[in-house]
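Report on the following structure.
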Amino acid sequence: MCTRALKDRLVVQLWVLLLLFVLRVLGQMLVAVGWGWFLPPMRQWSSGLLAYRYLLPLQIVIIFLYGKVCLSFTRGEGFMVAPRRKLGRALLIIGMLYFASMIVRYAVTMALYPERRWTGGSIPIFFHLVLSAFILSLGRYHYLNGRETDSPQKWRVKREAECPQPTISS
């Protein structure tokens, strides 16, 4: 089971990963409005698959959702805090596929565009790895601490209280 120290470490890890992503979004915003003269140029901040005017709102949604998860873990309560093994398994699979796809993307990008080797154009890939690490951390927590029944403790206790086991007495 999860000790207090492990939960505290997870909380710090989730907040650090979120902070890294927030700094990425802020950095790209500074460059977009012309105040990021000290940062890499705009073309290095995105792959170009999604125009910035569409990307920014999606990034804000991600920050909001990840922030909600972080706050729930900090408070020690909420939907995402109750361990569920099936959720953990799903998050681990999604996170591993996401992480692996970014490693492949990096390898392909570096093979096709050797002039970008090591830093040019890798900002989006690195921060996709950050986002996938968040998913993997959350998945690991749920998988290691959840039970096969997948019912959060609070729900199990309530069900048992409402439906006590019949006793046979003579």
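Considering the conditions (1) surrounded by 13 or more Cβ atoms within 10 Å (Cβ to Cβ); (2) hydroxyl-bearing (Ser, Thr, Tyr); (3) within 23 Å of residue 42 (Cα to Cα), residue 137 is excluded by exactly one of them, (3).
Within the set 36, 27, 78, 95, the sole residue that is closer than 17 Å to residue 130 by Cα and in contact with a helix residue (DSSP H, G or I) (Cβ under 7 Å, 6 or more places away or on another chain) turns out to be 95. Of the helices (runs of 4 or more DSSP H) entirely within segment 63-170, those holding at least 1 residues that are within 29 Å of residue 24 (Cβ to Cβ) and either at pLDDT below 95 or among the β-branched types (Val, Ile, Thr) (or both) occupy 85-112, 123-145. Only one entry of 20, 87, 58 meets the criterion of being of a type outside the set (Phe, Trp, Tyr), under 21 Å from residue 122 (Cβ atoms) and surrounded by 14 or more Cβ atoms within 10 Å (Cβ to Cβ), and that entry is 20.
Here's the yes/no breakdown for (1) surrounded by fewer than 16 Cβ atoms within 10 Å (Cβ to Cβ); (2) touching a His at 6+ places or on another chain (Cβ under 6 Å); (3) farther than 25 Å from residue 141 by Cα:
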site: 8; (1), (2), (3): yes, no, no
site: 14; (1), (2), (3): no, no, no
site: 68; (1), (2), (3): yes, no, no
site: 76; (1), (2), (3): yes, no, no
site: 97; (1), (2), (3): yes, no, no
site: 104; (1), (2), (3): yes, no, yes
site: 116; (1), (2), (3): yes, no, yes
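The values are calculated or read from the model by the stated rules, or taken from the named source; none is laboratory data. What you are looking at is a predicted structure, and each value in this text was computed from that prediction instead of being measured. Virtual Cβ from ideal backbone geometry, glycine too; neighbours counted across all protein chains shown.
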